[in-house]
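These notes are about the structure you will find just below.
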Amino acid sequence: MEDRLIKFKQALLDVDRVTARELINAGYNAHDPSQIIEQLIVPALEDIGTLWEHADASLSQVYMSARICEDLIDTVLPSSSPNPTGQTLVAIALLDDYHALGKIIVYSSLRASGIDVQDLGRMTVEELVRQVVDQDIKILLISVLMLPSALKIKELKKQLLRENSAVRIVVGGAPFRFDKQLWQEVGADAMGNNSADAIKVAHKMITEMS
Amino acid sequence: MNNLPEMTSLQRVLKTLSHKEPDRVPLFLFLSLHGAKELGLSIKEYFSRAEHVVEGQLILREKYRTDCICSFFYAAIEVEAWGGEVVYSADGPPNSGAPFIRHFEDIKNLSVPDIQNTPCLSKVLTATRQLKEIVKDEAPIIGVVVSPFSLPVMQMGFPQYFTLMYDEPSLFEHLMAINEEFCVAWANAQLEAGATAICYFDPVSSTTVIPRQKYLSTGFKVAKKTISRINGPTATHFASGNCLPIINDIVQTGTAAVGTSSLEDLHALKTACNQKLTIIGNLNGVEMRRWSTDEAERKVIEALGKAASGGGFILSDNHGEIPWQVPDHVLMAISDAVHKWGNYPIELP
């Protein structure tokens with residue numbers, strides 16, 4: 001499996017869909033389809049996220065890898081969309097920000113790692129508070145590119161506390177990478193530097209809640 | 001302290017661009033938004049008239065003793081020129097709204113906006129002309145263009161653009177050709193209006209965004225072709241993106257300077273750029289928000305220690321635009337520090 005993982009990761013970095021699919025097909029086990037997620041897709045996406053963090057991969061490779069994996073999950077393993085989240089409702093949103101790339105990368109990576117994520121799209125603070133409260137969302141991931149959007153999370157947190165929401169907020173995006181204290185300043189519960197972090201943090205929170 | 005007579009800002013910048021030590025390290029504070037604060041206007045009001053930007057830039061230059069004037073309004077002005085939406089914010093740069101290229105096929109129907117007859121661009125040209133009339137040759141006026149390779153992020157959104165880049169090579173080339181015509185015309189119009197140099201804003205070419213191999217077959221070729229058609233000096237800015245692995249490639253594009261990220265080591269950048277590219281950077285604009293005056297001074301000293309020796313260095317932020325939230329006292333502390341410690345030969349505490 002180790003050799004296949006290296007080849008799969010390289011296929012993703014090369015944006016080589018054909019080889020990636022072949023490797024998935026070769027490792028497919030009809031009795032335990034989720035094995036392919038745990039042993040190939042999740043570690044490959046985590047490694048690529050970490051490579052980006054260390055400037056050894058680029059955003060385009062992270063994005064294309066996540067999208068390829070999401071497609072593979074949808075088409076090669078249609079029956080293997082386990083919902084390990086149980087009662088936990090995980091959602092992702094953009095906060096007053098049109099820059100969707102980070103959100104799509106995290107959304108695709110989480111789905112490819114077997115987590116059901118609801119994509120709330122682009123929302124204002126008020127709209128997001130309403131969604132979190134009405135749907136009793138437990139984990140909210142917020143992706144931003146612009147600093148003013150990041151700073152709005154402070155107001156979001158304030159309004160959520162006023163509504164007695166216990167949602168856990170995970171933030172990510174450029175402003176948080178350039179200022180390592182910013183996530184705490186805005187009142188988030190965790191910060192992800194990359195999609196690998198998002199996968200780890202989300203799985204950890206889900207485990208803690210179960 | 002050296003014995004050189006004090007230079008004008010333009011002389012200082014030209015000397016450092018020739019990789020020699022001027023009287024002092026030049027300071028570029030890209031304060032495109034802060035002029036609104038100085039005039040007590042909202043950001044939207046501020047950018048509604050060329051005269052506001054002229055006044056704002058002159059006030060800011062006097063206040064912080066910077067070595068350049070920036071005629072840049074906001075990046076999204078270029079999509080506004082193409083008919084795209086601009087979203088204003090009370091505390092940040094105007095942003096591009098929903099992408100106006102919704103389907104790949106739309107690319108075939110695009111036509112290049114006429115620079116002189118596009119009101120938002122005319123406003124920038126008017127501001128540039130007025131600034132030139134006042135500043136003359138005392139300080140460089142920096143115009144800005146978004147590179148043909150990076151503009152599609154605002155034209156169609158990042159995700160769609162990546163897909164285009166990887167999966168639709170012929171439409172990608174078509175878009176590059178159209179954008180190149182616009183970029184060259186826009187840059188040359190600013191130079192004709194009085195800009196001294198053009199900042200070629202190209203974050204997508206950064207290795208943070210695409211791997212070097214992809215850059216060589218895309219952004220690099222586009223930059224080389226476009227920059228050769230711009231009738232004045234250029235500086236390439238990666239807007240906080242990394243560029244160390246492609247420094248030697250950037251040199252080949254014909255640009256004179258490079259805007260660098262705070263996430264890359266300035267000493268390593270200086271070594272790589274030595275005598276080939278002037279470094280513009282790399283104070284962390286996001287962190288700057290909460291610096292104390294002492295911290296600001298320390299950061300300036302640290303940057304000077306790593307990159308000032310031998311010239312080829314302009315102290316600036318890492319993004320090419322200082323956030324609205326950065327307080328005046330921090331900007332003043334940065335300016336004071338470069339005026340105190342940035343004199344050649346550099347002697348640091």
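The values are calculated or read from the model by the stated rules, or taken from the named source; none is laboratory data. Remember, it's a predicted structure, so these values are computed and weren't measured experimentally. Note: ideal-geometry Cβ built from the backbone for every residue, glycine included; neighbour counts use all protein chains shown. Side chains are part of the model used for accessible areas, which takes the heavy atoms of the whole protein and leaves out ligands, DNA and RNA. Shrake-Rupley method; radii C 1.70, N 1.55, O 1.52, S 1.80 Å.
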Counting as exposed only trypsin sites (Lys or Arg not before Pro) in DSSP loop states with no more than 15 other Cβ atoms inside 10 Å, the longest exposed-site-free span of chain B is B:137-228
Cα-projected label distance for B:Val87 with A:Asn29, points at 7 Å along beta-carbon direction, nm
4.5 nm
How about the range B:299-344: which of its residues lose at least 30 Å² of accessible area in the presence of all protein chains relative to their chain isolated, using a 1.4 Å probe?
B:Gln325
With a 1.4 Å probe on protein heavy atoms only, tell me which residues of the range B:174-222 lose at least 50 Å² of accessible surface in the complex relative to the chain by itself.
B:Thr208
What total accessible area, in Å², is buried where chains A and B meet, using a 1.4 Å probe and rounding to the nearest 100?
2400 Å²
For the cross-link pairs A:Lys103/A:Lys204; A:Lys103/B:Lys224; A:Lys180/B:Lys340, which exceed 23 Å when the distance is taken from alpha carbon to alpha carbon?
A:Lys103/B:Lys224; A:Lys180/B:Lys340
Can you tell me the 0 to 90 degree angle between the C-alpha axis of helix B:293-307 and the longest principal axis of chain B, rounded to 10?
80 degrees
How big is the shadow of the Cα convex hull of the protein assembly as shown, averaged over all directions, in nm²?
25.4 nm²
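Determine the per residue accessible area of the protein assembly as shown with all protein chains present and a 1.4 angstrom probe, expressed in square angstrom.
Dividing the accessible area of the protein assembly as shown by its residue count gives 39 Å².
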Quick check: net charge around B:Ala189, other residues with Cβ under 14 Å of its Cβ, Lys/Arg +1 and Asp/Glu -1?
0
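From the helices alone, meaning DSSP H stretches of at least four residues, give me the mean residue ellipticity at 222 nm for the protein assembly as shown, per-run term -39500 (n - 2.57), in deg cm²/dmol to the nearest 500.
Taken over the protein assembly as shown, the calculation gives -14500 deg cm²/dmol.
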With heavy atoms of protein chains only and a 1.4 Å probe, what residues of the range A:174-202 have at least 50 Å² less accessible area in the full set of chains than alone?
A:Phe178, A:Asp179
Over the range A:90-209 - Rg/Rh using Cα atoms and the Kirkwood inverse-distance radius:
0.91
May I ask for the angle, rounded to the nearest 10°, between helix B:219-228 and the longest principal axis of chain B, with both axes built from Cα atoms and the value confined to 0 to 90°?
70 degrees
Taking alpha-carbon centroids only, the range B:41-68 lies from the range B:173-226 a number of Å equal to 26 Å
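Efficiency by 1/(1 + (r/R0)^6): what FRET value for B:Ser228 and B:Glu302, r their Cβ-Cβ distance, R0 = 51 Å, to the nearest 0.05?
The computed FRET efficiency comes out at 0.90.
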State log₁₀ I(q)/I(0) for chain A at q = 0.10, 0.12, 0.17 Å⁻¹ as given by the Debye formula over alpha-carbon point scatterers of equal weight, solvent excluded.
-0.42, -0.60, -1.11
Take the alpha-carbon centre of the range A:128-188, take the same for the range B:250-325, and report the distance between them in whole Å.
31 Å
Carbon/sulfur fraction of accessible area - the protein assembly as shown, other protein chains in place, 1.4 Å, %:
51 percent
Under the Karplus curve 6.51 cos²θ - 1.76 cosθ + 1.60, θ = phi - 60°, whole-Hz ³J(HN,Hα) for the range B:273-286, x wherever Gly or Pro sits
8, 2, 6, 10, 9, 7, 8, 10, x, 10, 5, 6, x, 6
So for the range B:9-341, considering every pair of alpha-carbon atoms, how many percent are separated by more than 34 Å?
18 percent
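If you take every DSSP beta bridge fully contained in chain B, what fraction is antiparallel? Give it as a percent rounded to 5.
Numbers: 3 of 26 bridges.
Approximately 10 percent, going by the DSSP bridge assignments.
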May I ask for the angle, rounded to the nearest 10°, between helix A:17-27 and the longest principal axis of chain A, with both axes built from Cα atoms and the value confined to 0 to 90°?
70 degrees
Between B:Ile59 and B:Ile134, what is the label-point separation in nm under the 7 Å Cα-to-beta-carbon projection?
1.1 nm
Reachable aspartates and glutamates, given that their alpha-carbon falls under 16 Å from the alpha-carbon of A:Lys158 and they are not under 8 places away in the same chain:
A:Glu126, A:Glu127, A:Glu185, A:Asp189
